[in-house]
């Protein structure tokens, strides 16, 4: 009877240990997925900002835009 209880206790302890380990791994995996999701969103935001900046740069440097600038549109800032 003692042997049966000992084997059962070891089995239960192993099962509990493996369950805790599985939960820990699941939490770590979920944290990694969340981090990957955030990084992907940040990459998309950076790409969108780069495209917007490039489009604005092209718009400002195009010959058509140069004709739109007048003396009233210019501001000179001198810092000393």
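All of the numbers you see were taken from the coordinates with simple rules; none came from a lab. On a predicted model such as this, the values are computed, not experimentally measured, just so you know.
Numbers at a glance
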item: Between helix 2-61 and the chain: long-axis angle, C-alpha atoms, 0 to 90°, nearest 10; result: 10
item: Option label - Cα Rg over 2.2 N^0.38 Å computed here, alternatives [x] 2.74; [y] 1.21; [z] 1.30; result: [x]
